[in-house]
Amino acid sequence: MAHVYLVGGGIAGLAAASFLIRDARVPGSDIRILEQLSITGGSMDGTKLGGGYVTRGGRMFEDEHYVCLWNLLETIPTLDDPAISVRQEMKAFNIEHPTNAKARIILRDRSIADAAQLGLDHRARVDMTRLLALPEHVIGARRIDEFFQPEFFDSNFWCMWRTTFAFQNWHSAIELKRYFLAFVQEFDRIHTLSGVRRSKYNQYDSVILPIQRWLEAQGVVTDFGVTVTDAHFADPACRTVSALETSSGRIDLGPDDLVFFTLGSMTSDTTYGDNDTVPELVKDKRDGSWRLWETIARKAPDFGRPAVFCGSIPESKWESFTLTMHSPALLERITEYTGNVPGEGALMTWKDSRWLLSIVVPAQPHFRDQEPGTTTLWGYSLFGDVPGDHVDKAMDDCTGAEILDELLGHLGFDDIADEVRRTTQVTTVQMPYIDAQFQRRGPGDRPKVVPEGARNFAFLGQFVEIPEDVVFTVEYSVRAAMIAVYHHYGVEKKIPPMYHGLNDPRIAVSALKTAYGR
């Protein structure tokens with residue numbers, strides 16, 4: 001009897017398990033997930049921690065690009081009604097709660113900018129066109145700010161694009177090019193984010209938990225608290241895995257067994273703080289996500305170079321926060337200020353803020369078990385190592401209460417500030433590798449999903465190479481899982497092709513009009 005071992009219970013591993021059962025006809029009882037945490041989902045989380053709710057990040061979806069994800073979720077039943085798929089639930093939810101942000105950019109004087117005015121000058125348009133025209137091997141490991149003039153980085157367009165996708169100026173120009181091509185259909189709606197699709201609840205409750213429950217019903221077993229530390233190979237070329245070393249002992253693979261490794265993790269070594277504490281910035285790789293990749297990467301030259309992605313925490317970190325509010329005052333005032341009810345708006349960013357602070361108010365409730373009378377919002381900042389505008393400390397050194405003070409200072413709601421402070425629990429999240437996938441890279445830094453000649457293994461997650469696709473998306477992890485399963489099991493179904501908006505004349509013309517007309 002052949003077994004399949006999935007190292008990592010994030011969305012990549014869960015998707016692989018689902019495709020193994022659905023498309024490769026592998027019995028669920030032959031699939032075993034090895035997860036070092038006490039819960040599945042990886043970076044797609046949503047839970048209550050202490051006195052407050054928390055998500056480390058938000059997952060925005062999109063109809064056109066997320067074809068592999070939709071393929072998966074079309075066959076996963078919701079928790080509330082097994083006759084309705086997760087995909088159907090999300091479609092219905094977004095019809096009821098369409099995104100149409102009216103306050104994407106807030107200026108220094110607290111006025112709402114006309115975000116439809118992108119602010120791109122002729123030079124910026126020429127530079128964008130040049131970047132799109134260059135092949136990736138020519139772009140190489142160059143930074144975004146090597147391709148644009150300073151005026152581009154002051155534009156409304158860059159403010160919205162970078163905060164929507166969490167780009168820094170020093171990130172990979174290749175990744176920015178891929179994002180331009182993958183989401184060109186978003187150019188004329190970046191100021192409203194009307195193309196964004198959201199789940200009914202947070203990403204864990206609406207996506208991960210239904211997949212996990214479906215896998216359990218199929219007989220899949222997840223071993224929690226198990227860290228895989230090494231892989232042994234039967235041949236010098238490292239094409240056949242023979243055994244896994246884990247924190248619970250050695251697993252010897254049979255001749256027909258397979259193993260899929262999730263490499264690295266953007267939320268590795270996450271730490272949490274609250275109103276009175278500061279989350280630690282961990283720099284010594286305490287969990288196993290990066291250490292496993294570092295260990296196996298030494299064994300073969302085509303297993304990637306993890307240090308490229310996890311070797312510079314100052315370039316890959318940022319901090320987020322979730323507010324749990326026991327008074328309606330703040331959300332009511334934000335609704336009045338923006339003109340958006342919860343769930344209708346999108347990221348609102350204080351463009352001139354030193355931290356480059358952004359928040360988003362989701363539809364309520366955002367958690368399946370959210371207490372009545374409680375509301376939440378999520379926020380983050382890209383510049384956590386500089387003093388704030390209203391708190392004279394770097395965000396990295398702030399308690400949750402101090403971060404709330406900074407937010408209230410930008411909002412200017414002085415008349416309700418004391419009530420908000422008294423009735424709000426702040427949960428902060430420090431993530432040293434959250435932008436690691438955007439680091440500058442060259443050929444071979446990311447391994448192929450299935451290395452050449454690999455007989456019984458594959459690599460999954462955000463740090464494998466899928467030509468033309470974009471990292472920091474759920475779609476990337478799901479596509480990698482589909483590639484791995486379909487390859488090793490000879491599945492004859494076609495993998496959904498990537499969406500190329502520029503092939504659609506309507507999209508191409510609209511994007512050109514937006515870029516050159518605003």
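The values are calculated or read from the model by the stated rules, or taken from the named source; none is laboratory data. All values derive from a computational prediction rather than experimental measurement. Glycine also receives a Cβ, built like all others from the backbone with ideal geometry; neighbour counts cover every protein chain displayed. We work out accessible area using only protein heavy atoms, side chains counted, and drop any ligands, DNA or RNA first. Shrake-Rupley method; radii C 1.70, N 1.55, O 1.52, S 1.80 Å.
Observations on the model:
- Counted residues, the stretch 241-282 - those being more than 14 Å from Tyr5 (Cα to Cα) and β-branched (Val, Ile, Thr): 6
- Test: residue in the stretch 410-427 that is within 21 Å of the chain's Cα centre (by Cα), assigned to a strand (DSSP E or B) and buried (at least 21 other Cβ atoms within 10 Å of the Cβ): yes
- When residues of the stretch 448-507 are limited to those that are basic (Lys, Arg) and in contact with a helix residue (DSSP H, G or I) (Cβ under 8 Å, 6 or more places away or on another chain), the one surrounded by the most Cβ atoms within 10 Å (Cβ to Cβ): Arg479
- Residue count for the stretch 128-139 under the criterion of being surrounded by 15 or more Cβ atoms within 10 Å (Cβ to Cβ) and either within 26 Å of the chain's Cα centre (by Cα) or assigned to a helix (DSSP H, G or I) (or both): the result is 4.
- Residues satisfying the criterion are present in the stretch 38-58 (criterion: in contact with a Lys or Arg (Cβ under 8 Å, 6 or more places away or on another chain) and hydroxyl-bearing (Ser, Thr, Tyr)).
- Test result for Pro150, closer than 30 Å to Leu407 by Cβ and without any contact (Cβ under 8 Å) to a residue 12 or more places away in the chain: yes
- Which listed residue, of Val282, Val308, is in contact (Cβ under 8 Å) with a residue 12 or more places away in the chain, in contact with an Asp or Glu (Cβ under 7 Å, 6 or more places away or on another chain), open to solvent by 40 Å² or more (accessible area, probe 1.4 Å) and of a type in the set (A, V, I, L, M, F, W, C): Val308
- Taken over the stretch 43-61, the criterion of being of a type in the set (D, E, K, R) and either under 18 Å from Ser85 (Cβ atoms) or in contact with a Leu (Cβ under 6 Å, 6 or more places away or on another chain) (or both) is satisfied by Arg59 alone.
- Failed criterion for Pro497 (all others in (1) of a type outside the set (S, T, N, Q); (2) touching a Gly at 6+ places or on another chain (Cβ under 8 Å); (3) over 30 Å from Ala307 (Cβ atoms) hold): (2)
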